[in-house]
1. Is it the case that some residue within segment 141-160 is farther than 30 Å from residue 220 by Cβ, assigned to a loop (DSSP other than H, G, I, E, B) and not assigned by TED's automatic domain parsing to the domain that holds residue 66?
2. Does residue 94 satisfy the condition of being over 30 Å from the mean Cα position of the chain (by Cα) and over 18 Å from residue 127 (Cα atoms)?
3. Answer with yes or no whether residue 62 is within 16 Å of residue 114 (Cβ to Cβ), in contact with a strand residue (DSSP E or B) (Cβ under 9 Å, 6 or more places away or on another chain), modelled with pLDDT of 90 or more and crowded, with 18+ Cβ neighbours inside 10 Å.
4. Confirm whether residue 188 is modelled with pLDDT of 85 or more and touching a strand residue (DSSP E or B) at 6+ places or on another chain (Cβ under 8 Å).
5. Go through segment 167-184 and report how many residues are touching a strand residue (DSSP E or B) at 6+ places or on another chain (Cβ under 8 Å) and either surrounded by fewer than 16 Cβ atoms within 10 Å (Cβ to Cβ) or not assigned by TED's automatic domain parsing to the domain that holds residue 217 (or both).
6. With respect to the numbered conditions (1) assigned to a strand (DSSP E or B); (2) modelled with pLDDT under 90, which one is the sole condition not fulfilled by residue 230?
7. List the number of the failed condition for residue 204; all other conditions in (1) modelled with pLDDT under 95; (2) not in a loop (DSSP other than H, G, I, E, B) hold.
8. Looking at segment 258-271 only, could you name the residues that are out of contact with any strand residue (DSSP E or B) (no Cβ under 7 Å at 6 or more places or on another chain) and at pLDDT 95 or above?
């Protein structure tokens, strides 16, 4: 197409492109945008300059990062503020009100100033790995691992979370996701070092802000057909519990870690079930054990046969039925055999 978006005939194509032909000397004089001082700028600021930020896209957040860059280049207030004002025409399609810019300078004057990497306009152009290598990019203590979209798996008995970090899908419990220290410990299993988000005067709880951003864009997935599989899992686990723990017909023996049972139900202490789950590899606390038992239909009791003792009661697990099938085996004669 030509400059007016009209199609060009094949015989006219060479003539049209000839006007854009360069000599070797002209080609060598071409200046790539990133061949100047911007090679040391963070990627977000470079992209703000390539694609000016329009009104409503986050000009204040964009200019905050520009002001932080200015202060990194020259911390003198007069110098970096003048530099930031001159940059505004390169970064924003429309200039900010002078008072808005002054508010930005007040924020940047805070000694704990850092780039706002979590804002929507910054995330559009962010590349933390590249930014770390830039002279005026984020420092190592500011860098967050590259994180993908959070997925919540609604499984039984507790949901779990999948968080893509640095190309790896990390499975996390709710507690691990909620507590920054536990998240850091979990990531070490995947050879990922988490740098804690530390509170500042400008952002007293940055981890909660980061977590809120993840939750606002999370994706939900159903782990299974809840009711049907829940029943199967509960029945299977209680059958194993009954097989693994010694049973008794003397109710007071449940205080010694036994299971009381008759032909209908079984009774046991919560601590006995908790120890069984730990043996099975589930380090559940009392709350998790209680939720599992309640979901399966077990009930807490405080007295049985005149004996005061807090315990749980549930129907005996159903045993799998194996029916013998009347199968007849008929040997067919080969074609060469006599009838």
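The values are calculated or read from the model by the stated rules, or taken from the named source; none is laboratory data. Treat the numbers as computed from the prediction; the structure is a model and nothing was measured. Here the Cβ positions follow ideal geometry from the backbone for every residue, glycine too, while neighbour counts run over all protein chains shown.
1. Step one: filter segment 141-160 for residues farther than 30 Å from residue 220 by Cβ, giving 141-142.
Filter once more, so that each one left must be assigned to a loop (DSSP other than H, G, I, E, B): 141-142.
Imposing the further condition that a residue be not assigned by TED's automatic domain parsing to the domain that holds residue 66 reduces the set to 141-142.
The answer is yes, given that some residue of segment 141-160 is farther than 30 Å from residue 220 by Cβ, assigned to a loop (DSSP other than H, G, I, E, B) and not assigned by TED's automatic domain parsing to the domain that holds residue 66.
2. Numbers: over 30 Å from the mean Cα position of the chain (by Cα): yes; over 18 Å from residue 127 (Cα atoms): yes.
In short, yes.
3. Criteria met by residue 62.
4. On the way: modelled with pLDDT of 85 or more: yes; touching a strand residue (DSSP E or B) at 6+ places or on another chain (Cβ under 8 Å): no.
The answer is no for residue 188.
5. 4
6. Tallying (1) assigned to a strand (DSSP E or B); (2) modelled with pLDDT under 90, residue 230 fails exactly one: (1).
7. Among (1) modelled with pLDDT under 95; (2) not in a loop (DSSP other than H, G, I, E, B), residue 204 violates only (2).
8. Within segment 258-271, just 271 meets the criteria.
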